[in-house]
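Here the structure is laid out as structure tokens; the discussion comes afterwards.
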Amino acid sequence: MKYTFLFIFILVFTFVSKIQAQKTQRPYRAIYSGVPWFDNRDSILSAHGANIIKDDDVYYLFGEVHSDTSNAFAGFNCYASTDLYNWAFKSAALRPQKTGKLGPNRVGERPKVMRCPATGKYVMYMHVDSLNYKDQFVGYATADKITGPYDFKGPLLFGGKPIRKWDMGTFQDTDGSGYILIHGGHIYKLSDDYTSVVAHVNKSMTSGFESPALFKKDNIYFFLGSNLTSWEKNDNYYFTAKSLSGPWTKQGLFAPKNTLTWNSQTTFVLQVNGSEDTAFIYMGDRWSYPKQASAATYVWQPMAVHGTKISIPELQQGWTVNLRTGQVGHLSPNNQRISNQSRRILYKGNWHQDTTGGMCSDQKGDSFQIQFTGTRIAWSGHSSRKGGYAKTVIHDKNGSILYSAIIDLYCLYPDKAIKFISPGMPKDTYHLTVTVLGVHPSWSDKRRSDYGSTGNFVSLDHLSVTP
Ligand code: GLA
């Protein structure tokens, strides 16, 4: 009997440690934009409309939890990282409430957390609304611990009244004062305890201008925001000023015109103060309605900031930031590139070459598969107006699923880029399978009803395997 228990124990222990070794041995080594990110549980990171705050040398990311079936509030997640590449799930920081303004069939968006210097409490601000976006206000929640749980307090009041506006952000100035940013360019100053508003510091400076984000460098304030196109991407732009109350000068776009901000919408700018340099990291969302949980991704890019000018001149696929020195760098991995014409790729169905040189198909159920030996695989594809969803799965050699994700190949600004990159895995033999789902992003808002793709195409440019 004793030996049976020992035997079972050894068996279970070996099994569990094998799984852990397989899943976490080699994490990400760079920030990748526009691809699903797997967290420490191998789940896809769900933290959109996010912000990051640093606390005791750990970076905490707060963002919206989404579902693929409804836009109703599903809570706000908190993740932690010490390198900005690998994120560990920490908590469902604010859960949907049983009833009330963040209860069933309500909307909760753009959570932003700041630590109040006067009270030491963590305060989370968010856009609260009805499902049809007609009952908006800025709400707040508080917690003693950064990871929560956060206690939802209702509307943030200014002169006893809620701020009935939608897209919002936050900014903490170097003197510790906290501010709420609102679409159109409004700025409100928070009370010392961060739980009410004491002044309307800046009135609207333009119409539209959603997803507000603000940072400061060398006593110049930079205010970023987007046009109003619902979940569709557009060319975001910015203003500068020497004081939060203005006057604000419109500076124009910070990404090349028509790239639609590299297919993303602003949510936050993270400043990394290092010993050699200061990095300013643009954080944006690449929405993917209705599959916001499984296919929406993140576009995080280093920004160049000189005088009153900021820019993201090109999209960096995989880039690094040294959190000690603040220096930004590039990865030069020793990858094996596999062309889409390689005989190693097994195409099933109606795949053919498109005008970009990609191998494409829009037939539901068509797939391509490759067996590879290595530690990581990425596939690059072509996104277009006619792009659809693709399922990507990595199996180990025993046929067990290690990673699974849905990839969105729709973009109004066409791009050829990495669409999926696996986390690092122990060197072994695996299979990657990509299947055309035969569906695509589409949605409507109160002004228009025809947003989204017009096709279901999935296109493979090439594969990269890291030995
Ligand atoms: C814009 C906003 C998002 C969300 C969507 C809804 O993109 O920035 O936060 O409200 O509209 O359509």
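Structure above, values below:
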read-out	value
Cα-based Rg of the chain normalised by 2.2 N^0.38 Å, two decimals	1.00
Given charges at Cβ of Lys, Arg, Asp, Glu: the chain dipole, positive-most of ILE345, TRP379, MET283	ILE345
Dipole of the chain, positive end: most advanced residue of ASN202, PRO414, GLN369 [Cβ charges, Cα centre]	GLN369
Compactness relative to 2.2 N^0.38 Å, alpha carbon Rg of the stretch 336-466	1.07
Nearest 10 degrees, 0 to 90: helix 2-24 Cα axis against the chain principal axis	70 degrees
Net charge contributed by nearby residues that have their C-beta within less than 10 Å of ASP408 (K/R +1, D/E -1)	+3
Within-15-Å neighbourhood charge of VAL128 [Cβ basis; K, R +1; D, E -1]	+4
About the Cα centre, charge dipole magnitude for the chain (Lys/Arg +1, Asp/Glu -1 at Cβ), debye	520 debye
Residue among TYR85, ASN51, PRO96 farthest towards the positive dipole end of the stretch 30-150, charges placed on Cβ	PRO96
Given charges at beta-carbon only (K, R positive; D, E negative), |dipole| of the stretch 336-466 in Debye	80 debye
Loop trypsin sites (Lys or Arg not before Pro), the stretch 390-467, which have at most 10 other Cβ atoms in a 10 Å radius of their Cβ (DSSP)	LYS446, ARG447
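Coordinate-derived values only; no laboratory data. All values reported here derive from a predicted model rather than from experimental measurement. All Cβ positions, glycine included, derive from the backbone under ideal geometry; neighbour counts span all protein chains shown.
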